[in-house]
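Engineer: One structure, pasted below without further comment.
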Amino acid sequence: PGLCGIRAVQRDRGEGGQGGQGAVGAVVKLLEGRLDSDWQTGRRTLLGGGVTFAVVHDTGVLIFIEATDGAMLRELQQIIVTFAQGDAAKEGEPDRVASAEYRGVTGWRLAADQVHCIIGNRLIISNDDKALKAVIALKEDTHRARLADLPAYQAARKTVAQRAAAVA
């Protein structure tokens, strides 16, 4: 199962009022207008905090995308959900796109293997709702000890040179 649905879009050289930019150009123009940003600035803003990929459990993968502007990230998320709802309705599956609350965080299912949520400035995408729920649960677990506070870590750290560039 794929992490996210990707459709191939053939470049449209026809009229369509897009100045020859075709379907991809039309989507870019729509996003630029809705996000009030040119695509280069939007890309930097939405990906500016970095992207992290993680594998969890036996089946789950997670992608964390940290934006530098949470409001723009939430607007993009609304656009994606609206597109997904439209596609689901056209395909006769209007209930395919749904949201649910878990520990105060709204998660969205766009397809059987496509779930995501936003926590702060982070968009968290997964193919497994259990993996996504585990991340949300970690957010609230303020009693969890930090790695640096664990005695086993402290003992291991003492065996490494003080000026080490990295410790794993």
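The values are calculated or read from the model by the stated rules, or taken from the named source; none is laboratory data. None of these values were measured; they are calculated from a predicted model. Counting neighbours? That spans all protein chains shown, and the Cβs are built from the backbone with ideal geometry, glycine included. For accessibility, only protein heavy atoms count, side chains too; no ligands or nucleic acids. Shrake-Rupley method; radii C 1.70, N 1.55, O 1.52, S 1.80 Å.
Engineer: Using 0.36 nm times the number of residues separating Ile79 and Thr59, minus their current alpha carbon distance, what extension gain do you get?
Structural biologist: 4.4 nm
Engineer: Still on this structure, I have one more. Among the lysines, which fall within straight-line cross-link reach of Lys90, defined as a Cα-Cα distance under 29 Å, with same-chain neighbours fewer than 8 residues apart omitted?
Structural biologist: Hits, sequence-local ones excluded: Lys29, Lys130.
Engineer: Tell me, what HN-Hα J-couplings in whole Hz come from the Karplus equation 6.51 cos²θ - 1.76 cosθ + 1.60 at θ = phi - 60° for each residue of the range 34-45, using x for Gly and Pro?
Structural biologist: 5, 8, 6, 7, 6, 5, 5, 5, x, 4, 4, 5
Engineer: Would you pull out the residues with amide H under 5 Å of Gly49's amide H, same chain only if 5 or more places away, H placed 1.01 Å from N?
Structural biologist: Glu66, Ala67, Thr68
Engineer: From the backbone phi of the range 65-82, what are the Karplus-calculated ³J(HN,Hα) couplings (6.51 cos²θ - 1.76 cosθ + 1.60, θ = phi - 60°) in whole Hz, Gly and Pro given as x?
Structural biologist: Once rounded to whole Hz, the list reads 10, 9, 8, 8, 9, x, 5, 5, 4, 5, 5, 4, 4, 5, 5, 4, 4, 4.
Engineer: Check Ser37: other-chain or 5+ apart residues with amide H under 5 Å from its amide H, H built from backbone geometry?
Structural biologist: none
Engineer: Let me ask another. Largest first, what is the accessible-area ranking of Ser126, Ser99 with a 1.4 Å probe?
Structural biologist: Largest accessible area first, the list is Ser99, Ser126.
Engineer: Taking a ≥ b ≥ c as the square roots of the Cα gyration tensor eigenvalues, with a/c under 1.5 meaning rounded and otherwise prolate when a/b beats b/c, else oblate, which class fits the range 56-105? Mind dumping the intermediate values first?
Structural biologist: Numbers: a/c = 1.89, a/b = 1.22, b/c = 1.55.
Cα axes put the range 56-105 in the oblate bin.
Engineer: For the range 105-144, divide the Cα radius of gyration by the Kirkwood radius and give the resulting Rg/Rh value with two decimals. Walk me through the numbers before you get to the answer.
Structural biologist: On the way: Rg = 10.3 Å, Rh = 10.4 Å.
Expressed as Rg/Rh, it is 0.99.
Engineer: Under the rule of at least 5 residues apart or a separate chain, name every residue whose amide H is placed under 5 Å from the amide H of Asn121.
Structural biologist: Sorted by chain and number, the residues that satisfy this come to none at all.
Engineer: Sticking with this structure for a sec: Based on the mean of other Cβ atoms within 10 Å per residue, sort peptides 88-97, 63-72, 40-49 so the most packed one is first.
Structural biologist: Working: 88-97: 12.4, 63-72: 17.1, 40-49: 15.2.
Going from most to least packed, we get 63-72, 40-49, 88-97.
Engineer: Show me, for the range 92-105, the HN-Hα J-couplings you get by feeding each phi into the Karplus relation (A = 6.51, B = -1.76, C = 1.60, θ = phi - 60°), rounded to Hz, glycine and proline as x.
Structural biologist: Here the 3J(HN,Hα) series is x, 10, x, 8, 4, 8, 8, 10, 8, 9, 9, 6, x, 10 Hz.
Engineer: What FRET efficiency, computed as 1/(1 + (r/R0)^6) with R0 = 35 Å and r the Cβ-Cβ distance, is obtained for Ala155 and Leu47, rounded to the nearest 0.05? All intermediate terms of the calculation are to be shown ahead of the outcome.
Structural biologist: On the way: r = 38 Å, r/R0 = 1.09.
E between Ala155 and Leu47, to the nearest 0.05, is 0.35.
Engineer: Moving to a separate point now. Which whole number of Å³ per residue matches the convex hull of the alpha-carbon atoms in the range 22-126?
Structural biologist: Numbers: hull volume 12.6 nm³, N = 105.
Spread over its residues, the Cα hull of the range 22-126 gives 120 Å³ apiece.
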